[in-house]
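Undergrad: Following this message is one structure expressed as structure tokens.
The values are calculated or read from the model by the stated rules, or taken from the named source; none is laboratory data. Predicted model, so just to flag it, every value in this text is computed and none were measured. Note: ideal-geometry Cβ built from the backbone for every residue, glycine included; neighbour counts use all protein chains shown.
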Amino acid sequence: MALVPFPSQAPERVPDDDEVDPDRKQPDPDLDEYEGGGKMSFLEHLDELRKRIIWSVVAVGVGFLIACFFIQPLFDFIMQPLQAALGPGGALIFTEPTEAFVLYIKIAAIGGLMMASPAVMTQVWLFIAPGLYQHEKKLAIPFVVLSSICFIAGAAFSHFVVFPLTWNFFVSFQSPTLKFMPRIEPTFALYMKMLLAFGLVFQMPTVVLFLARMGVVTARFLWRNIKYAVLIIFVVAAVITPSGDMWTQTAMAGPMIGLYFISILLAWAFGKKKRTIEED
């Protein structure tokens with residue numbers, strides 16, 4: 001009777017990928033993995049949002065307290081274009097006992113928001129950063145700096161250019177039989193609305209740069225759809241223009257179109273480049 005050798009029970013060793021294909025490229029942790037290494041739950045997102053809102057409110061509160069020490073120069077700075085349009089002898093009026101006091105509080109709040117804008121933009125970045133790749137997180141400093149500069153630039157453009165045009169349009173209806181005596185509350189509400197609107201509109205280059213770096217939009221896409229962008233810009237200008245006249249709408253739409261062209265240049269210069277794969 002012949003003896004049959006008993007087969008070995010030792011499992012065969014599976015070769016590593018490097019042994020099968022030594023030229024195979026290994027994944028780059030900076031490009032293909034999240035730094036956090038895990039997904040946040042819905043409640044964790046809410047907790048993170050709450051934390052960022054609290055820190056933003058604290059930053060604005062600190063800016064508000066600082067602005068309170070310079071409230072009179074801030075008041076004179078904001079009231080200057082209003083007084084210039086009203087002319088000699090013109091003045092704003094208030095009919096409620098607390099109206100003037102509330103105006104000073106609102107001016108301090110606007111000043112605090114301007115001073116705290118870098119801190120607020122930092123909190124916005126910290127909220128969205130956990131969902132980004134490691135190489136995308138390198139945009140933190142450019143995002144905070146550019147968004148803060150654009151917000152302040154939009155507010156300055158509203159104060160020095162657009163709001164005086166709008167205010168002069170309203171004052172132009174004054175006649176010997178019509179005396180324009182504007183109240184503080186609705187006047188400053190209009191001022192704040194336009195200030196914040198232009199601060200947000202001027203964020204267009206920042207948003208486009210961020211999306212272009214992530215590969216969401218390209219300069220070619222923006223250029224190909226420029227006619228639709230111009231149409232949307234004029235619709236937005238008509239919505240946020242309180243006076244409704246053509247010149248004020250053009251004054252609003254013009255800078256927005258300019259910002260769109262700047263956004264195209266930023267997307268072309270800093271957009272995510274497509275990788276070329278060379279085949280042997």
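Undergrad: Out of all the residues in segment 78-93, is one or more among the small types (G, A, S) and surrounded by 15 or more Cβ atoms within 10 Å (Cβ to Cβ)? Write out each step before concluding.
TA: First, pick out the residues of segment 78-93 that are among the small types (G, A, S): 84-85, 87, 89-91.
With surrounded by 15 or more Cβ atoms within 10 Å (Cβ to Cβ) added as a condition, the list becomes 85, 90.
Yes, segment 78-93 has at least one match.
Undergrad: Can you tell me which of I78, I93 is under 30 Å from P164 (Cα atoms), in contact with a strand residue (DSSP E or B) (Cβ under 8 Å, 6 or more places away or on another chain) and modelled with pLDDT of 80 or more? Walk me through how you get there before you give the answer.
TA: Numbers: I78 fails: in contact with a strand residue (DSSP E or B) (Cβ under 8 Å, 6 or more places away or on another chain).
Unique residue meeting the criteria: I93.
Undergrad: Residue check: is F64 under 30 Å from F180 (Cβ atoms), of a type in the set (A, V, I, L, M, F, W, C), in the same structural domain as W167 (by TED's automatic domain parsing) and at pLDDT 70 or above?
TA: Values: under 30 Å from F180 (Cβ atoms): no; of a type in the set (A, V, I, L, M, F, W, C): yes; in the same structural domain as W167 (by TED's automatic domain parsing): yes; at pLDDT 70 or above: yes.
No; evaluated as a whole, the condition is false for this residue.
Undergrad: Let me ask another. I'm trying to understand the selection: among the residues of segment 121-144, which are of a type in the set (V, I, T), surrounded by fewer than 16 Cβ atoms within 10 Å (Cβ to Cβ) and in contact (Cβ under 8 Å) with a residue 12 or more places away in the chain?
TA: V124
Undergrad: Do you know which residues across segment 183-201 are farther than 14 Å from A253 by Cα and more than 15 Å from the chain's Cα centre (by Cα)?
TA: Scanning segment 183-201 gives R183, I184, E185, P186, T187, F188, A189, L190, Y191, M192, K193.
Undergrad: Just a yes or no: is a residue in segment 253-263 assigned to a helix (DSSP H, G or I), at pLDDT below 90 and over 20 Å from I149 (Cβ atoms)?
TA: Yes: one or more hits.
Undergrad: From the list A197, A219, which one is within 28 Å of E96 (Cα to Cα), surrounded by 14 or more Cβ atoms within 10 Å (Cβ to Cβ) and not acidic (D, E)? Outline the logic, then answer.
TA: Numbers: A219 fails: within 28 Å of E96 (Cα to Cα).
Checking each option against the conditions leaves just A197.
Undergrad: Scan (1) surrounded by fewer than 16 Cβ atoms within 10 Å (Cβ to Cβ); (2) not in a loop (DSSP other than H, G, I, E, B) for the single condition A237 breaks and write down its number.
TA: Only one criterion is unmet by A237, namely (1).
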